[in-house]
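The values are calculated or read from the model by the stated rules, or taken from the named source; none is laboratory data. For clarity, every value in this text was computed on a predicted model and none was experimentally measured. Cβ coordinates were reconstructed from backbone atoms using ideal geometry, including for glycine residues, and neighbour counts include every protein chain displayed.
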Amino acid sequence: MSINFSPTVNTNEIYKSTVGNARKTVTTNTGEIKDSTYYVSQIKENIPNADVTIKSMTSADVADYYEKWKDEPVCTNARIPKITVSPKVLEKMKNDPKYAENMMAKIKDAATPQGFENAQLYEYKVIVKDDGEIEILACADFMSGKKNTVSDDNDEKKKEAKKKLKQLQFSRYLFDNNKLESISEEKIDKNVIPYDNYLSQNAMILKLKNNLL
């Protein structure tokens, strides 16, 4: 038996192409397994305006982020929903088509806000943790009509400042069986910042940090 090589064919390029294609898609008896970038693009395609971030998150990480997030400025034109997906979940989706199908359906359902029909929803975050559980963080103004008491304050500037405050509800939920199970919920008086001012404030904070470094 003899093997003939054509001098015009680069065997290294053929090898690289074959291996590269094999890594991108692997065919099994259950169907075609896509790479992780495919599922990120599917999330963006199925959920309009989705802002997708790939980051490893545990329950402790979400709890820590939630506490910090409540102190951040609230923007009147926040882009929703913001979706964070663990790379561990994407890896499992890549290797298990059935799991990927179920997870895609859960993420899509979780990205549809529930229970905010009578509220102005400012921020809505979907976090797919390392273990595959989904948590939701939400900031909303339910417009309860509660007014700040200013009768004992004779300072007009302070009165105006208090009038601008809104009582916003910050919530943390576990999304399970297409239902929201409350983990944490509290109302906080905060000043809501218009979008342009929000960008300006963030730019100033960034500049200050750079000057300090």
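Scanning the range 72-117 for residues that are in contact (Cβ under 8 Å) with a residue 40 or more places away in the chain, closer than 22 Å to Q169 by Cβ and of a type in the set (K, R) gives a single hit, K82.
With the structure loaded, tell me whether T27 is in a strand (DSSP E or B) and modelled with pLDDT of 95 or more or whether it fails that test. Before the answer, list the steps.
Details: in a strand (DSSP E or B): yes; modelled with pLDDT of 95 or more: no.
When the stated conditions are applied, T27 does not pass them.
For the range 95-113, the criterion of being within 16 Å of the chain's Cα centre (by Cα), within 21 Å of D64 (Cβ to Cβ) and not β-branched (V, I, T) is met by at least one residue.
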